[in-house]
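Structure record follows, encoded as structure tokens.
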Amino acid sequence: MSHEDTQATFDVADPHGQATFRAEVLGLQDGCRVHLDVHVEPDRKQAEVDRLAGSPGLGAKLIATHDDRGPLTYVLHDPEGNEFCLH
């Protein structure tokens, strides 16, 4: 599936230092190294969650679902535990 509106931010000189910093700020054992926000058309969101986190899926894990801050958003972890969102 192609995504026309994907935002990624990577601009750190020391990614491991940044992960440690984020972990301390958020009270986590391991900070996220990257966070992707992926736009998915509203009528395709559930199918995309199923493709990524369903059975057999691609190994993602659904963590939370939010709709209190705008459009329905699914929060997932990739197979290594990095958080990403489907908006």
Being surrounded by 13 or more Cβ atoms within 10 Å (Cβ to Cβ) and within 13 Å of the chain's Cα centre (by Cα) is the filter here; which residues of segment 70-80 pass it? Thr73, Tyr74, Val75, Leu76, His77, Asp78
Which ones in segment 8-43 are over 18 Å from Ala60 (Cα atoms), at pLDDT 80 or above and not in a helix (DSSP H, G or I)? Glu41
All positions within segment 58-87 that are under 30 Å from Thr20 (Cβ atoms) and either assigned to a loop (DSSP other than H, G, I, E, B) or in contact (Cβ under 8 Å) with a residue 60 or more places away in the chain (or both): Leu58, Gly59, Ala60, Arg69, Asp78, Pro79, Glu80, Gly81, Asn82, His87
Quick check on my filter: what residues within segment 55-69 are closer than 14 Å to Pro79 by Cβ and surrounded by 11 or more Cβ atoms within 10 Å (Cβ to Cβ)? Gly57, Gly59, Ala60, Lys61, Leu62, Ile63
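The values are calculated or read from the model by the stated rules, or taken from the named source; none is laboratory data. Fair warning: this is a prediction, and the values are worked out from it, not measured in the lab. FYI the Cβ positions are ideal-geometry reconstructions off the backbone, even for glycines, and counts take in every protein chain you see.
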